[in-house]
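Everything on this sheet refers to the single structure shown next.
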Number of protein chains: 2
Amino acid sequence: MATYQEPDGWEILGDPSRRAIVECLAVGPRAVGELADELPISRPAVSQHLRLLKDAGLVEDEAAGTRRVYRLNPAGVAALRDQLDMFWRRTLQGFQEIVGEEDEEKS
Amino acid sequence: MATYQEPDGWEILGDPSRRAIVECLAVGPRAVGELADELPISRPAVSQHLRLLKDAGLVEDEAAGTRRVYRLNPAGVAALRDQLDMFWRRTLQGFQEIVGEEDEEKS
DNA sequence: CGGCTCGGTAAGTCGTAGCTTACGGTTCGT
DNA sequence: ACGAACCGTAAGCTACGACTTACCGAGCCG
């Protein structure tokens, strides 16, 4: 029942387009139009995704004349990675017990 | 452009309900009804999620009388974890370069 | 100053994932 | 053999997220 509720960094990377954007920015900083050229979606769509990524602290933006250059935010990326790792820890933790006692029925 | 397309183990865990199910099963094997009791969704909903999880190789089912007990599949979980790790590797790899050059420019 | 590029925002459409209710099939107990 | 418990599947609805087009502001250049 426990009504799961978390900040959910998962839904940020749940979208393929956003993952693609992150991977692009991992290669190097890009402007919005440049990202749109490398992706199969329109420029406004990229803009919307960037907004979410920025709110999540994953990317930073910097005005460069009429353009706006986006880059990954190290701290944000690390934080999100840790958050996802927490899930795996919780999962794999109780998981080892199962594997170990698989033959044995009760403890 | 590059029309990203992958088997996407991400969408499997993208749903909160499925993550909750996985965490429950990490604690120990459960029947479908038991899972439904611990989650804020109906039993059929759980059943549908279990179907996806099973297709993804994350869980295994075993008939026990009129009940059906589900448990995590070690190999499947490990495989998916590796798959997600690949994303982080690709991201953090080109990422270090950026971080490295960033210090030189600014401080 | 005009015209141009670049980018954010609004409004609206569309697809689809997730949920529920309803039904049918198995299996166990009595 | 009848009823109950347990589960999967079908059908349908609803909500939300992703995308597009259209519009407007902001900065550069002639």
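The values are calculated or read from the model by the stated rules, or taken from the named source; none is laboratory data. Just so we're clear, the structure is a prediction, and the values are computed from it rather than from any experiment. Please note: Cβ atoms are built from the backbone with ideal geometry, for glycine as well, and neighbour counts cover all protein chains shown.
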Exercise for the section: Kindly establish whether residue B:32 is within 15 Å of DNA strand C (Cβ to nearest atom), touching a residue at least 40 places away in the same chain (Cβ under 8 Å) and of a type in the set (Val, Ile, Thr). Expected result: no
Exercise for the section: Return yes or no: is residue B:22 under 30 Å from residue A:58 (Cα atoms), within 12 Å of chain A (Cβ to nearest Cβ) and at pLDDT 95 or above? Expected result: yes
Problem - Within region A:35-60, tally of residues that are in contact (Cβ under 8 Å) with a residue 12 or more places away in the chain and more than 9 Å from DNA strand C (Cβ to nearest atom) - result: 11
Practice task
Just one of (1) over 29 Å from residue A:17 (Cβ atoms); (2) more than 9 Å from DNA strand C (Cβ to nearest atom) trips up residue B:63, so point out which.
Solution key: (2)
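Answer yes or no: is there a residue in region B:73-80 that is under 14 Å from the mean Cα position of the chain (by Cα), within 14 Å of residue A:92 (Cβ to Cβ), not hydroxyl-bearing (Ser, Thr, Tyr) and not in a helix (DSSP H, G or I).
Yes: region B:73-80 contains one or more residues that are under 14 Å from the mean Cα position of the chain (by Cα), within 14 Å of residue A:92 (Cβ to Cβ), not hydroxyl-bearing (Ser, Thr, Tyr) and not in a helix (DSSP H, G or I).
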Practice task
Give me a count of the residues in region A:32-50 that are closer than 24 Å to residue A:79 by Cα and either near DNA strand D (Cβ under 10 Å from one of its atoms) or not in a helix (DSSP H, G or I) (or both).
Solution key: 4
Exercise for the section: Find all pairs meeting these conditions: Cβ atoms under 7 angstrom apart; at least six residues apart or on different chains; first residue within region A:63-88 and farther than 18 Å from residue B:15 by Cα and among the charged types (D, E, K, R); second residue outside any helix (DSSP H, G or I) and more than 9 Å from DNA strand C (Cβ to nearest atom). Expected result: A:71/A:29; A:71/A:59; A:71/A:60
Problem - Residue in region A:64-71 that is farther than 29 Å from residue B:78 by Cα, more than 13 Å from DNA strand D (Cβ to nearest atom) and modelled with pLDDT under 95 present - result: no
Exercise for the section: Can you work out which of the residues in region B:6-58 that are of a type in the set (S, T, N, Q) and farther than 12 Å from residue B:70 by Cα is surrounded by the most Cβ atoms within 10 Å (Cβ to Cβ)? Expected result: B:17
Exercise for the section: Scan region A:68-78 for residues that are among the small types (Gly, Ala, Ser) and surrounded by 15 or more Cβ atoms within 10 Å (Cβ to Cβ) and jot them down. Expected result: A:76
Handout entry: Complete set of residues in region A:7-29 that are in contact (Cβ under 8 Å) with a residue 24 or more places away in the chain and part of a helix (DSSP H, G or I)
Key = A:10, A:12, A:13, A:17, A:18, A:21, A:22, A:25, A:26
